[in-house]
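The values are calculated or read from the model by the stated rules, or taken from the named source; none is laboratory data. Just so it is clear, the structure is predicted and the values come from calculations on it, not from any experiment. Quick reminder, even Gly has a Cβ in these numbers, built from the backbone with ideal geometry, and neighbours come from all protein chains shown. Side chains are part of the model used for accessible areas, which takes the heavy atoms of the whole protein and leaves out ligands, DNA and RNA. Shrake-Rupley method; radii C 1.70, N 1.55, O 1.52, S 1.80 Å.
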Amino acid sequence: MDAENGEGQVQVHLKTKQEHYAVPDVPYAIDGTVTTAELNTFVNALLKQKDGSSSTDTDFDFLVFDEYLRGRLCDHLREKAISFEDAIEIEYVERFPAPEPQDCLLHDDWVSAVKASGKWILSGCYDNTLNLWTNKGKHILTIPGHTAPIKAVDWISLDEETVRFVSTSQDQTAMLWQWSVASNSVECVSVCKGHERGVDSVSVSPDGQRFATGSWDTMLKVWSAEVDDAPEGTSKRMKESGVRTPKMTLQGHRESISAVQWMDATTLLTGSWDHTLKVWDLSLEGIKTEISTNKSIFDASYSRLNRLILTASADKNLRLYDARTNQGSVVRNTYLGHNAWVQSVMWSNTEEFLFVSGAYDNQNKLWDCRSPKAPLYDLLGHGDKVLDIDWSNPKYIVSGGADNTVRVFKSRKALTEDMETK
């Protein structure tokens, strides 16, 4: 048919799960060369016809066979080997709005770790300090203590009076901190010793009672995150010094552990420079699943919403895996867009299909996992390589870089939802 050459017509059905945007469920004959822009015009015209209104246009994205349309419809169908004779179902979804650049938080050195929660942003630096900020960009505290660059941070608990968090460093330790909000004073509750090389990754368990660390010594260690955790028989000297030892040490990786994350209360995910992802069962103290990749993994992220795993690597690509299948090592999708190695990746914890990445090309990107050929948005601002990115707080995407800054981007969707619920 002529449509295969980009000429002629294709029969389509237009569907949406967002009922208020539904158009009449009849076949439409459209030109094979249509792109997202032309489909947007078409759907908005149908909506105005249906409602009889002249309301402002809505931006949509279009899913054709589970993948976003990013070029001409005819090229998309040809690539998927779909017959042009068939009626094609196109699902349209309201486009996620572009996050808005907010504050730039200035530091004295590279910012290698960043985590947002509630009103606060926690950052870790190559000058060995931690910094606390409000999410409006106000600096609260600089916290010395580590003797080498900070590599990872995570929140343990937050309430109005007391905030607790953990940091890990190239000084081979993790440190537990307690911040009294009213008096704006912070103390190191405990120094966690046991690793023999720098500690690159940390993750706090869902219940806030334990945390896990991954190190250049190839070991995965699990620690108590409780304030008072001296078991019976601990020497008085150890108690007084605040030194803590691991509850569990798990061996299995052959090179540095670059990523660690709790999948649930008894399961941990790790990613490593040894090209593998491992899923650990803490009740058995062993490896449950292993996924072999052919690239060093610099970061990995597991989504509790869709149960899929993303990895960041030196070859500029992000990859999607499913640890639940017996073909776990089969790459489900590859995301192309960065042009230098990708240092950091994180799923949204509220939007099932969305994730963010930061790379050595000085760019952050916001992706939809159904759009492998291009990100939804480039989040620009860093003047040097991005070292860490975080989307723990649905309202803010925050990233740290070698330009000595934390960049903050505000989600317009989270803001809109806030206003609608007020």
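Could we say that Lys136 is over 23 Å from the mean Cα position of the chain (by Cα) and open to solvent by 60 Å² or more (accessible area, probe 1.4 Å) here?
Values: over 23 Å from the mean Cα position of the chain (by Cα): no; open to solvent by 60 Å² or more (accessible area, probe 1.4 Å): yes.
So Lys136 does not fit the description; no.
Name every residue in region 293-347 that is β-branched (Val, Ile, Thr), in contact with a strand residue (DSSP E or B) (Cβ under 9 Å, 6 or more places away or on another chain) and more than 16 Å from Ile389 (Cβ to Cβ), in order of residue number.
Of region 293-347, the ones β-branched (Val, Ile, Thr) are 293, 297, 309, 311, 325, 330-331, 334, 342, 345.
Still in the list and also in contact with a strand residue (DSSP E or B) (Cβ under 9 Å, 6 or more places away or on another chain): 293, 297, 309, 311, 330-331, 334, 342, 345.
Correct list: Thr293, Ile309, Val330, Val331, Thr334.
Pairs, please: C-beta under 6 Å, at least 6 apart or cross-chain, first residue open to solvent by 80 Å² or more (accessible area, probe 1.4 Å) and in region 84-101, second small (Gly, Ala, Ser)?
Filtered contacts from region 84-101: Pro101/Gly381.
So the check is Cβ under 6 Å with 6+ separation or different chains; which pairs have a first residue in region 254-272 that's without any contact (Cβ under 8 Å) to a residue 24 or more places away in the chain and a second one that's surrounded by fewer than 22 Cβ atoms within 10 Å (Cβ to Cβ)?
As it stands, the answer is Thr266/Leu282; Thr266/Ser283, since those pairs meet every condition given.
Go through region 1-43 and report how many residues are open to solvent by less than 30 Å² (accessible area, probe 1.4 Å), part of a helix (DSSP H, G or I) and at pLDDT below 90.
Within region 1-43, residues that are open to solvent by less than 30 Å² (accessible area, probe 1.4 Å), part of a helix (DSSP H, G or I) and at pLDDT below 90 number 1.
Checking the condition part of a loop (DSSP other than H, G, I, E, B) and surrounded by 14 or more Cβ atoms within 10 Å (Cβ to Cβ), which residue from Gly71, Gly145 passes? Show your work before the answer.
Values: Gly71 fails: surrounded by 14 or more Cβ atoms within 10 Å (Cβ to Cβ).
The conditions single out Gly145.
Would you point out the residue of region 247-260, among those that are part of a strand (DSSP E or B) and not β-branched (Val, Ile, Thr), that is farthest from the chain's Cα centre (by Cα)?
We begin by selecting, within region 247-260, every residue part of a strand (DSSP E or B); these are 248-250, 257-260.
If we keep only those that are not β-branched (Val, Ile, Thr) as well, we get 248, 250, 258-259.
On the way: Met248: 27, Leu250: 25, Ser258: 15, Ala259: 12 Å.
Among residues in region 247-260 that are part of a strand (DSSP E or B) and not β-branched (Val, Ile, Thr), the one farthest from the chain's Cα centre (by Cα) is Met248.
Just to confirm my filter: which strands (runs of 3 or more DSSP E) fall fully inside region 83-129 and include at least 1 residues that are more than 25 Å from Val204 (Cβ to Cβ), in contact with a helix residue (DSSP H, G or I) (Cβ under 9 Å, 6 or more places away or on another chain) and of a type in the set (Ser, Thr, Tyr)? Full working, then the answer.
On the way: elements: 88-94, 100-106, 111-117, 120-125.
Filter on region 83-129 gives 88-94.
Among the residues of region 149-179, write down those that are modelled with pLDDT of 95 or more, among the acidic types (Asp, Glu) and in a loop (DSSP other than H, G, I, E, B).
Asp171
When you look at Ala182, is it at pLDDT below 95, outside the structural domain of Leu387 (by TED's automatic domain parsing) and over 26 Å from the mean Cα position of the chain (by Cα), yes or no?
Working: at pLDDT below 95: yes; outside the structural domain of Leu387 (by TED's automatic domain parsing): no; over 26 Å from the mean Cα position of the chain (by Cα): yes.
No: the conditions fail for Ala182.
Using beta carbons and a limit of 9 Å, which pairs, at least six apart or on different chains, have the first residue in region 41-59 and within 20 Å of Lys413 (Cα to Cα) and the second one outside any loop (DSSP other than H, G, I, E, B) and open to solvent by 90 Å² or more (accessible area, probe 1.4 Å)?
Asp57/Thr41
Take Ala265 and tell me if it is among the small types (Gly, Ala, Ser), at pLDDT 95 or above and more than 27 Å from Gln363 (Cα to Cα).
Values: among the small types (Gly, Ala, Ser): yes; at pLDDT 95 or above: yes; more than 27 Å from Gln363 (Cα to Cα): yes.
Yes; evaluated as a whole, the condition is true for this residue.
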